[in-house]
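What follows is a single structure, written as structure tokens, with notes after it.
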Amino acid sequence: MSGSCGNQQTHPVPYVPFNMTIDLNLPGYFSLAGVGGWAYVNGGSRGIIVYRRSIDEFIAFDRHSPADVNATCPSPLFPDADNFLILKDTCNNASFSLYDGSPISGSQYGLVQYATTFNGNNLVNIYN
């Protein structure tokens, strides 16, 4: 039986160290002011998407699709125009939940998740 560390090592998306604090007062992150908002952050393997799941909970995922291991698709994952809670990989017809990173179709792996902490005011730290 393998532990969570073993599972992380077998995930097809490469591990990229990341640690960044974002300020929700900055214009680039205004969309995170309300529950259900999301924003892109530079970093990770192909960028990171941050989603505000509740008043005090943020979740962050790498935009590198596990269905596109070699990152051959020209664009990373992005929210579906009809349902922004679904992240789409248009090259591989894979989709993932923005709410929890789980695969919906086209992939046996979910999204790489980053840890987040919120100071209760305006700072969100995203790290792995």
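We did not get these values from a lab; they are worked out from the coordinates using the rules stated. Worth saying up front: this structure is predicted, and the values here are computed from it rather than measured. Note: ideal-geometry Cβ built from the backbone for every residue, glycine included; neighbour counts use all protein chains shown.
Where only DSSP H runs of four or more residues are counted, the chain gives -1500 deg cm²/dmol as its mean residue ellipticity at 222 nm, each run worth -39500 (n - 2.57).
Among (i) 15.3, 51; (ii) 14.2, 46; (iii) 13.5, 40, find the value of Rg and Dmax of the Cα atoms in Å that was calculated from the structure presented, and write down its label. So the structure-derived entry is (ii).
Set Lys and Arg Cβ to +1 and Asp and Glu Cβ to -1, take the dipole of the chain about its Cα centre, and tell me which of 119, 95, 66 lies farthest positive. Comparing the listed Cα positions along the dipole, 66 ranks first.
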